[in-house]
Amino acid sequence: NNPTLFTDLKNRLLQEKILNDKEEGVIIRDLHRTFPNHVLFMYKLGEGQRALYRVLMTYSHYNTNTGYVQGMGFLTALFLTYMDEESSFWLLHSLMVNYGLEGFFKKDFPDLRKCLYVLLSLVKKFIPKVYYQLRNKKIYPTMYASQWFFTFFACVFEFDVLVRIFDCILLEGFKIVYRIALGIFKLNEDKIVNKNNFEEIMENIRMMTKNINVDELIKASFSISFSRKDIKRYEERYEKTKNNKDDEMIKQVDF
């Protein structure tokens, strides 16, 4: 990478106000929503929020495939607690191009439906009671899992849990997102299966990531054995069936 690219682009944007008002306004609006209880980001226009603004502003102009999309802020804020602005910028870019996140932020979210399909396939195989309960109650993954993929869980877990998960993600890659999702369902299987109505199940789903024991989550996530070949097989199955509106799982991931 050009060692001065981030600094040069950041300074030029700040001086020339290249970003359009609409996109810059969205970034500013989202600042206070990002880890509002973390000491680095809790103060309006404090150093943490200003650093977050600078990285997001610069990246939205650098990566024209995505621009700025809500969800980037949680990832960037996590990085800023451990590294400087330039390193956070390049780590965000690495997640986009090397860890497959860019496909979730491009127009129309081209990779989201495919990943939701893979997730349903894994849940059906390993935790079938949960799969059939959610399907029968018409609770679809777009209602709960989209934000898991968009932010690698950064907007749903407490900070200490998120840090542990990101250690795993940076080591093993995108497969960990599926692992953690399965771990969440495994730990909450009884709470989902034993409820009878839509509202109760949805409330349990909303609470699944709250006050979770991170050691139990990691243990449950890694107790389920599947491979990248399995993921690839489900992705290929999706490509073959994605236009079949009568397919059981395609109907659940359509949006």
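The values are calculated or read from the model by the stated rules, or taken from the named source; none is laboratory data. Computed from a predicted model, the values in this text were never measured in an experiment. With ideal geometry, Cβ positions are generated from the backbone for all residues, glycine too; neighbour counts draw on all protein chains shown. We work out accessible area using only protein heavy atoms, side chains counted, and drop any ligands, DNA or RNA first. Shrake-Rupley method; radii C 1.70, N 1.55, O 1.52, S 1.80 Å.
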Tell me, yes or no, whether region 171-187 has at least one residue that is more than 30 Å from residue 106 (Cα to Cα) and open to solvent by 10 Å² or more (accessible area, probe 1.4 Å).
-> yes
For region 153-255, please list each of the helices (runs of 4 or more DSSP H) lying entirely inside it that holds at least 2 residues being farther than 20 Å from residue 138 by Cα and at pLDDT 90 or above.
-> 159-172, 175-187, 214-222, 228-241
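Does residue 56 meet the test of being assigned to a loop (DSSP other than H, G, I, E, B), under 26 Å from residue 153 (Cβ atoms) and either modelled with pLDDT under 90 or in contact with a Gly (Cβ under 7 Å, 6 or more places away or on another chain) (or both)?
Working: assigned to a loop (DSSP other than H, G, I, E, B): no; under 26 Å from residue 153 (Cβ atoms): yes; either modelled with pLDDT under 90 or in contact with a Gly (Cβ under 7 Å, 6 or more places away or on another chain) (or both): yes.
Answer is no for this residue.
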Only one of these is surrounded by fewer than 20 Cβ atoms within 10 Å (Cβ to Cβ) and at pLDDT 95 or above: 110, 128. Name it.
-> 128
Considering 230, 167, 247, which residue is surrounded by fewer than 19 Cβ atoms within 10 Å (Cβ to Cβ), farther than 27 Å from residue 94 by Cβ and among the charged types (D, E, K, R)?
-> 247
For residue 158, are the conditions met, namely being over 25 Å from residue 75 (Cβ atoms) and of a type in the set (Asp, Glu)?
-> no
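Does region 42-58 hold any residues that are under 23 Å from residue 9 (Cβ atoms), of a type outside the set (S, T, N, Q) and open to solvent by less than 50 Å² (accessible area, probe 1.4 Å), and which are they? Break it down into steps so the answer makes sense when it comes.
Applying the first criterion (under 23 Å from residue 9 (Cβ atoms)) to region 42-58 yields 45, 47-58.
Filter once more, so that each one left must be of a type outside the set (S, T, N, Q): 45, 47-48, 50-57.
Hits for region 42-58 are 48, 51, 52, 53, 54, 55, 56, 57.
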Those residues of region 131-145 which are surrounded by fewer than 18 Cβ atoms within 10 Å (Cβ to Cβ) and farther than 21 Å from residue 196 by Cβ, in sequence order | 142
Hits in region 63-102 - residues which are over 18 Å from residue 4 (Cβ atoms), among the polar types (S, T, N, Q) and open to solvent by 40 Å² or more (accessible area, probe 1.4 Å) | 64, 65, 70, 81, 98
Which one is nearest to residue 99 (Cα to Cα), of the residues in region 123-148 that are in contact with an Asp or Glu (Cβ under 8 Å, 6 or more places away or on another chain) and of a type outside the set (D, E, K, R)?
-> 127
Name the pairs: first residue in region 233-254 and under 12 Å from residue 113 (Cβ atoms), second residue among the small types (Gly, Ala, Ser) and modelled with pLDDT of 95 or more, Cβ to Cβ under 8 Å, at least 6 apart or on different chains?
-> 249/121
